[in-house]
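Quick notes on the structure that follows.
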Amino acid sequence: MKKENNPIVITSIIAGAILLIAVLVLVTVNSFLPVSKNVITVQGSATVHATPDLITVYYNIRTNGSTSAIAKDANTVIFNQLKNLIVTAGFSEDDLKTESYNIYPNTYWDGSKQKQDGYVATHSLKLEFSTEEIEKLSAIIDAGANAGARVSSFNFELTPKAQNAYKAEALKLASEDAQTKADAVASGFDKKTGKLISVQISEFGYYPWNMYSSKGGSMAEDSVGAREAAIQMTPSEQEISGSVSATFSIQ
């Protein structure tokens, strides 16, 4: 009978040991976690007004050819003309930067069959300059039109230095807002805000401000639309938002 009970005893000992270990682990983990009733989590937000300091003009050169070499050569001709006109407008060749360059078969569907009609070469470029030189924008647009390059869009933007400055300001104000909210809520419960337990940046809302985008019409129509937008384009303050999530102890 004793031998028959041995497996039961051993199993009971193992089960008891596992249960004891689980309890110890649970107690240890809980000792490092804040007690939920003693913390408060709030969202802080702020909006700052930023003045754009950068204008970015985007060009697109698209050419066709019966061979990839012909499509490429035609694209290069327009690109070189654009560079020359950019220099004439007071910029360096190096200011005109390539975003992407592709050559691919010009395929289309004829009923249920896919066919090819030569090749397409596309060259996307951008030109960045200070808002202090905004008077050059019209010449930049004309350069694209005269060279045969489509002005696909232009934006007001922030340089990396300006982005960092406005980001710091927005997040600082959002953090102060979170502290104010936490203090107010704690006070409402006749408590005081204690130490900061954790903080998470929820958002920094900055995107370039688009002033013009091509509507996909003819190049002549796009040039007219771009010129009209350039005439009306003046730097103005734009809103940038920041928000944080912060957790404080309360006592």
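FYI, it's all coordinate maths here, none of it is from the lab. This structure is a prediction, so every number in the text was calculated from the model and none was measured. All Cβ positions, glycine included, derive from the backbone under ideal geometry; neighbour counts span all protein chains shown.
What the table shows:
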| read-out | value |
| --- | --- |
| Total charge dipole magnitude, the stretch 84-147, about the Cα centre, Cβ charges on Lys, Arg, Asp, Glu only, Debye to nearest 20 | 480 |
| Among 197, 139, 82 the positive-end extreme of the charge dipole of the chain (Cβ point charges) | 197 |
| Spherically averaged projected area in nm², based on the convex hull that wraps the Cα atoms of the stretch 87-212 | 15.7 |
| For peptides 103-114, 156-167, sequence by mean Cβ density within 10 Å, most packed first | 156-167, 103-114 |
| Environment charge of residue 241, counting only residues whose C-beta is closer than 12 Å and scoring Lys/Arg +1, Asp/Glu -1 | -3 |
| Under 5 Å, built H, 5+ apart or other chain: amide partners of residue 206 | none |
| Under 14 Å from the residue 134 label point (7 Å along Cα→beta-carbon), backbone N, the stretch 215-239 | 229-238 |
| The stretch 199-251 - Rg over Rh from alpha carbon coordinates, Kirkwood radius | 1.35 |
| Euclidean distance of C-alpha centroids, the stretch 137-168 and the stretch 228-251, integer Å | 20 |
| Which of 209, 232, 168, positive extreme of dipole for the chain (C-beta unit charges) | 168 |
| Environment charge at residue 176 (Cβ cut-off 13 Å; Lys +1, Arg +1, Asp -1, Glu -1) | -1 |
| Cα-derived Rg over Rh, computed across the chain with Rh taken as Kirkwood radius | 1.32 |
| Point-charge dipole on Cβ atoms (K/R +1, D/E -1) for the chain, about Cα centre, debye to 20 | 1380 |
| Whole-number D in µm² s⁻¹ for the stretch 54-157, Kirkwood Cα-pair radius fed into Stokes-Einstein, 25 °C, 0.890 mPa s | 168 |
